[in-house]
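Below is one structure; the comments refer to it alone.
The numbers here are math on the coordinates, done by the rules we state, and not lab data. Quantities reported herein were computed from a predicted structural model and do not represent experimental measurements. Cβ coordinates were reconstructed from backbone atoms using ideal geometry, including for glycine residues, and neighbour counts include every protein chain displayed.
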Amino acid sequence: MKFRSLIESSGVFLLAVASVSAQTGRAPAPAPAPPPKAGVIPRAADKHPDLSGIWSNATRTPFERPAVFAGKPTISDDEARKWEAKQNERWEDEGSTIDGGRPVTIQGGAYNVLFYDNGSELSRIGGQKRTSMVVDPPDGHVPPLAQAARDRPRRRAYVPGDYKTLSNDTRCLVGNTPSVPLVPALYNNNMEIVQSADSILIEVEMVHDARIVHMNAQHQSPNVRQWFGDSIGHWEGDTLVVETTNFNDQTHYRGASMNLKVTERFTRVSDKAIEYRATMDDPSTWAKPWSIELAFTSVPGPLYEYACHEGNYAMVDILGAK
């Protein structure tokens, strides 16, 4: 009797579903899959979280908050899915095909969308989808530039035939995005972290830029200036804190001076994710310090070499132009 009641109840339910489907013209949407459970955080021999691995910081989250999300640092998963779908559709339209099935090129034909590595979702920090990488100031925008920074040249003037006046990324000296802080580029958004007790290597995929974080050490003399600065780290509980100073006069993150100080915080929240925060402080450039937050997700390796010089046709073409 119980089985008969169960069958009758199931039949009524199926009829109701069929009726709804017939009225709407489509099958009911499946329930969203539950998020994967976080695994155990791996730890090194010294008991600190082990950050070693290959990670991606690719994301659909805009650097600064769009007007559509004004006053909303986070949004619901449902809002995020709708926005992500529109963004993915826009990129698919950009990458629609023409005769012969070749992808449409963008940026004057330099690249097509197959090169781009922006992920498909907004970053999730603390369980919530973020609407901008910039989280402080709370409005999601970088503070205004100081007058001294407005007057500071960001790029040297190009002198025809002089390769030394070309940009650093054109010359393959460093990538077109910084290694400090670890913000995503249009593509090559992978990095490898190798951790030991006294030093940590962070190598980004773009132009295989690498820097070494020296643990529990002192900064070098202010006279010692480096492309990626001088990174000193220590642990605060389960969070790796890295302070980088001593930048040279060749790299100017968003117009910053050599006095830029970047404080990064790496917190491994699961076996698959790191939450990353970076604070930029340079009184001669911005009215006040500001911060970004990103999620790093574990990805399979290996991290391939970015052979910039070997394929650098731009250098030859620019210098050979008449």
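Things to note:
- Of interest is the spacing of the C-alpha centroids, which for the stretch 34-83 and the stretch 237-260 amounts to 23 Å.
- Here the gap between ASN259 and TYR304, fully extended at 0.36 nm per residue and compared with their Cα-Cα distance, gives a gain of 12.9 nm.
- In a simple Cβ point-charge model (Lys, Arg +1; Asp, Glu -1; nothing else charged), the stretch 274-322 has a dipole of about 140 debye relative to its Cα centre.
- Farthest positive-ward along the stretch 138-198 dipole, Cα basis, beta-carbon charges - from VAL183, SER196, SER167: SER167
- Between ARG155 and VAL40, the C-beta separation translates, for a Förster distance of 41 Å, into a calculated FRET efficiency of about 0.30.
- Net charge, LEU122 excluded, C-beta distance under 10 Å - Lys, Arg +1, Asp, Glu -1: +1
- Globularity index of the stretch 107-238, i.e. its alpha-carbon radius of gyration over 2.2 N^0.38 Å: 1.29
- A Cβ-based charge dipole, computed about the Cα centre of the stretch 164-322 with Lys and Arg at +1 and Asp and Glu at -1, lands at about 460 debye.
- Cβ-placed point charges (K, R +1; D, E -1), dipole of the stretch 210-273 about Cα centre in debye, nearest 20: 160 debye
- Net charge of the neighbourhood of GLU64, taken over other residues with C-beta under 15 Å away and scored Lys/Arg +1, Asp/Glu -1, is +2.
- Ratio Rg/Rh [Cα only; Rh per Kirkwood] for the stretch 148-191: 1.05
- Range of Cα positions in the stretch 173-220 per principal axis (Å), largest first: 34, 21, 17
- The alpha carbon radius of gyration of the stretch 125-172, expressed as a multiple of 2.2 N^0.38 Å, is 1.88.
- Estimated FRET transfer efficiency (SER120, ALA148; beta-carbon r; R0 41 Å; 0.05): 0.55
- The overall shape of the stretch 193-322, judged from the alpha-carbon gyration tensor, is oblate: a/c is not under 1.5, and a/b is no greater than b/c.
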